[in-house]
Structures are given as structure tokens and as C-alpha cells.
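Structure first, commentary second.
Readers should treat all values here as calculations from the given coordinates under stated rules, not as data from a laboratory. Here the structure is a predicted model, which is why all the values come from computation and not from measurement. Please note: Cβ atoms are built from the backbone with ideal geometry, for glycine as well, and neighbour counts cover all protein chains shown.
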Amino acid sequence: MKEKRKSKRAQKYFAINIVALDSKGKHLNFGDLKASPKFYDESGLDFSPEGIKIMCSKPLPKESKIQMKMLIPDENNLNLLKANGTIKWFKQVKGKYKKYFIIGVTFGKLSAADRTKLLNLWKKYK
């Protein structure tokens, strides 16, 4: 299968806080999504300049818009980055004690400062 990614993923675990939005950028009505919280803290598994892979406790629909706050460590700091993104794929994984979901997110808007931080961290860990 041909690789679709433009850039190699940096294999780095990090904390991420997600707020889910609908396709028009409005907050999802989680009453319509069974057992999905509005805010939740999850784990980032890897990242590139184009997107990230996240391990989630709850599923979110493909093409959902999300807002993210990521805490990516380096040898000196915890680097806070804020970004918008779109869920491009997800799959359910059965763990030893419970099921969880792996999602692939493509970045949308990032500030110039956050884009620079992301690129510097990616170059360091790729």
C-alpha cells in the first residue's frame, strides 16, 4: 500500500485535551452522541506537521472538527500548542481491560507561533 503521508511521524507520547465540534465548527450536542463527553483528556501517540494520532476513550465521528490543546515535552519544557483539526479516520481497539479508539487527525488552523513550535518539536523527534 502506498504511503499517503507527506512527512514521517515523530514517535512521541504526549497529553492532549480535546473539545469536539461538528462539521460547521459548532460544539457537538453530546446528548446525540451516546457516552461522549464534551471535553476529555487523552494521549497523543505521534505527530507530524500535517497531523496527529490520538488514543481516545470515546469514539468521535469521521470528519468531526475538534479543538486541541497539546502538551508535548522536550528536554527543557512542556510545550503547549493549540490547534484545530478534522478527524480523518478512527478504529476501535480491544485492550486487556476495555476497548479504546485510535483516531487520525489532520491539522487545520494553528497560529504562526504554534506552527513554529510544532515544526521544531517534529524535527527534534522524527
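The residues of segment 112-126 that are touching a Lys or Arg at 6+ places or on another chain (Cβ under 7 Å) and not basic (Lys, Arg), listed by number, are Asp114, Tyr125. For segment 37-71, the set of residues classified as more than 19 Å from Trp122 (Cα to Cα), among the charged types (D, E, K, R) and touching a Phe, Trp or Tyr at 6+ places or on another chain (Cβ under 7 Å) consists of Lys38, Lys58, Lys62, listed by residue number. Of the strands (runs of 3 or more DSSP E) contained entirely in segment 36-107, not one carries at least 3 residues that are out of contact with any strand residue (DSSP E or B) (no Cβ under 8 Å at 6 or more places or on another chain).
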